[in-house]
Amino acid sequence: MKKKQTGVKVLIIGIVLVCLVLGYFYYLTNRKPKQDSKDSVKISAVQEILLRNLDTNYPPTPREVVKYFCEISQSLYGGSYTEEEFLELAMQARRLYDDELLASNNEKQYIENLKWDVNQFKEQEIVISSYAPASSTDVEYFTQDGYSWAQMRCTFTLRKGTQLASSNEMFLLRKDADGHWKIYGWTMDEEN
């Protein structure tokens with residue numbers, strides 16, 4: 001009788017060991033590899049904006065153009081970046097502008113004006129905390145002088161310390177020869 005009990009115990013221990021080995025093998029083959037913190041690359045919000053290639057990934061709608069412009073503006077007026085990144089952000093914003101807007105504001109003057117404006121915000125400790133472009137159904141489309149136009153509102157929320165204020169802007173966009181919506185200009189929304 002003792003031989004039978006010993007044989008059963010050995011069999012049970014053997015099955016448990018086989019199960020443990022198979023379970024460990026399954027664990028090793030199905031686990032996700034840990035990403036080493038040294039190997040993972042973290043990019044800033046500014047770098048993420050700059051990674052967008054407008055040649056191959058231009059925003060398809062007026063709303064998306066304004067939204068991307070707002071992302072750039074939020075980074076310029078409240079993010080941290082290097083001088084080189086500042087220039088790249090400024091040039092990325094200019095790629096969203098209509099040819100007539102670019103012609104009326106040369107690159108050098110644009111950079112100087114933008115630096116001054118951004119510095120005014122920083123001196124007053126004002127940042128763009130959020131933005132809300134109008135919904136796609138609120139974009140007004142029209143044709144004039146042989147061009148397709150779009151007009152839409154966007155609300156910027158500005159923060160100074162704990163105080164919030166909003167600025168409503170009206171954007172005017174024109175479709176260029178390549179079918180891309182370009183910012184023709186914007187102004188404070190007088191209606192609100």
Filter the chain for me: DSSP H helices, axial length by Cα at least 15 angstrom, mean Kyte-Doolittle hydropathy not below 1.0. List them by residue number. 2-30
At 1.4 Å probe radius, can you tell me the per residue accessible area of the chain in Å²? 69 Å²
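When the Cα atoms of the range 46-192 are enclosed in a convex hull and the volume is divided per residue, what value in Å³ results?
Dividing the Cα hull volume of the range 46-192 by its residue count gives 123 Å³.
Take each of the peptides 113-122, 11-20, average the number of other beta-carbon atoms within 10 Å over its residues, and list them starting from the highest.
Details: 113-122: 13.4, 11-20: 10.0.
Taking the mean over residues of other Cβ atoms within 10 Å, the ranking is 113-122, 11-20.
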Report the FRET efficiency, 1/(1 + (r/R0)^6), for SER135 and THR187, where r is their Cβ-Cβ distance and R0 is 25 Å, rounded to 0.05. 0.75
Computed for the chain: size of charge dipole around the Cα centre, +1 on C-beta of each Lys and Arg, -1 on C-beta of each Asp and Glu, debye to nearest 20, value 2600 debye
Heavy-atom accessible area of the chain with neighbours in place, 1.4 angstrom probe: carbon+sulfur share in percent works out to 54 percent
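The values are calculated or read from the model by the stated rules, or taken from the named source; none is laboratory data. Just so you know, these numbers come straight off a predicted model, no measurement behind them. Here Cβ is always computed from backbone atoms with ideal geometry, including for glycine, and neighbour counts include all displayed protein chains. For the accessible areas, the whole protein counts, side chains as well, though only heavy atoms, and no ligand, DNA or RNA atoms are used. Shrake-Rupley method; radii C 1.70, N 1.55, O 1.52, S 1.80 Å.
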